[in-house]
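A.B. asks: Starting off with a structure, shown below.
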Amino acid sequence: MKLDPVSLRLFVAVMEESAIARAAAREHIAASAASRRLAELEDALEVALFTRSNRGTEPTAAAYALLNLARGVLNDLDGIATQMRDYGAGIRGHVRVVANISAITQFLPAELQGFMAKHPQIQVQLQEQISTAVAQSVAENAADVGILNHGNYGDQVALLPYREDQLVVAVPTSHALARRRSLRLADVLPFDIVGMHTGSAINNLLMRHAAELEMQLRLRMQVTSYDALCLMVSAGLGIGVLPLGSAQIYRGALALRTIPLAEPWTRRKLSLCVRSIESLSGAARLLVDHLRCPASQTPHAQP
């Protein structure tokens, strides 16, 4: 059985107007066409919806039962149309985001909270990955938007400016370096290091610049998160390098101090990564526009 939504809508109008002529005028069709559609609806349902006489038409019990069902169906159809329009306009949707740990710990919590408060019908799925994996996920359409350290990731993705962060050295408050106002990498390398996991951008930076100084990076242990790094540092198990914004989260609760690392490469750029602006869905474009707004404040180094 195939039910025509136009006929169902006409039927509801007849029930509400109590006259075929008024219902036909409301639905902008001829009265004769309305009568024909009602007859076709009765044939399709194999039930009489109206009793016809010289005094007009009277709804049957079946008509009253159909009225509630038809209203439900028509409301569902209207809801589908509304939701699809919302998806097209970007008001409703689902955005897959992959980001490195620096973006997740420093910027995304507040920024995603603000975005989802403005667009409660848009779902954001977030996954942490290292920067090279972020670029690959976006290129392979496993994610819509990525956030990574600025670099060259090939021509399958496009990078947009996002934020900057500053690397600092975290040391226990009782450490020999704790009273220094700034440090060079050569000051850090003689000490045991609590590093991030293999493949992380910070570890790669430290190893590359240690090699340029012809010094060795003394990785005593490696962890997968900045909170673990800070806990190990505060316990006196080494010193660590991490973004200032991430260190500030733990500095008040743990016995550690952050010291600026005075090297030109410690000022890092983070970028948004997309396949192309044109390929973004409406919801993803809204998120990218939101994330590209200037940050309300930038972390500053403090003792």
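A.B. asks: Answer with yes or no whether SER279 is closer than 27 Å to ALA142 by Cβ, of a type in the set (Ser, Thr, Tyr) and open to solvent by 50 Å² or more (accessible area, probe 1.4 Å).
C.D. replies: For SER279, the condition - closer than 27 Å to ALA142 by Cβ, of a type in the set (Ser, Thr, Tyr) and open to solvent by 50 Å² or more (accessible area, probe 1.4 Å) - is met.
A.B. asks: Okay, next question. For GLU212, are the conditions met, namely being among the acidic types (Asp, Glu) and free of Cβ contacts under 8 Å to residues at least 24 places away in the same chain?
C.D. replies: Answer is yes for this residue.
A.B. asks: On to the next question. Right, PRO299: over 21 Å from the mean Cα position of the chain (by Cα) and at pLDDT below 90 or not?
C.D. replies: yes
A.B. asks: Need at least 2 residues that are open to solvent by less than 20 Å² (accessible area, probe 1.4 Å) per element, so show me which strands (runs of 3 or more DSSP E) inside segment 91-160 make the cut, counting only ones lying wholly within it.
C.D. replies: Ranges flagged: 93-99, 145-149.
A.B. asks: Can you tell me how many residues in segment 27-54 are surrounded by fewer than 16 Cβ atoms within 10 Å (Cβ to Cβ) and not aliphatic (A, V, I, L, M)?
C.D. replies: Residues flagged as surrounded by fewer than 16 Cβ atoms within 10 Å (Cβ to Cβ) and not aliphatic (A, V, I, L, M) within segment 27-54 amount to 10.
Here is a yes/no grid of residues against (1) more than 29 Å from TYR162 (Cα to Cα); (2) assigned to a helix (DSSP H, G or I); (3) more than 32 Å from the chain's Cα centre (by Cα); (4) small (Gly, Ala, Ser):
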| site | (1), (2), (3), (4) |
| --- | --- |
| ARG208 | no, yes, yes, no |
| MET215 | yes, no, yes, no |
| CYS230 | no, yes, no, no |
| ALA247 | no, yes, no, yes |
| THR258 | no, no, no, no |
| LEU270 | no, no, no, no |
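A.B. asks: Filter segment 192-207 down to residues that are surrounded by fewer than 16 Cβ atoms within 10 Å (Cβ to Cβ) and either of a type in the set (A, V, I, L, M) or modelled with pLDDT of 95 or more (or both), then give me how many there are.
C.D. replies: 2
A.B. asks: Scan segment 165-179 and give yes if some residue there is farther than 19 Å from GLY238 by Cα, open to solvent by less than 60 Å² (accessible area, probe 1.4 Å) and not basic (Lys, Arg), otherwise no.
C.D. replies: Yes: one or more hits.
The values are calculated or read from the model by the stated rules, or taken from the named source; none is laboratory data. Predicted model, so just to flag it, every value in this text is computed and none were measured. Quick reminder, even Gly has a Cβ in these numbers, built from the backbone with ideal geometry, and neighbours come from all protein chains shown. Ligands, DNA and RNA are stripped out before the accessible areas are found, and what is left, the full protein with its side chains, is counted by its heavy atoms. Shrake-Rupley method; radii C 1.70, N 1.55, O 1.52, S 1.80 Å.
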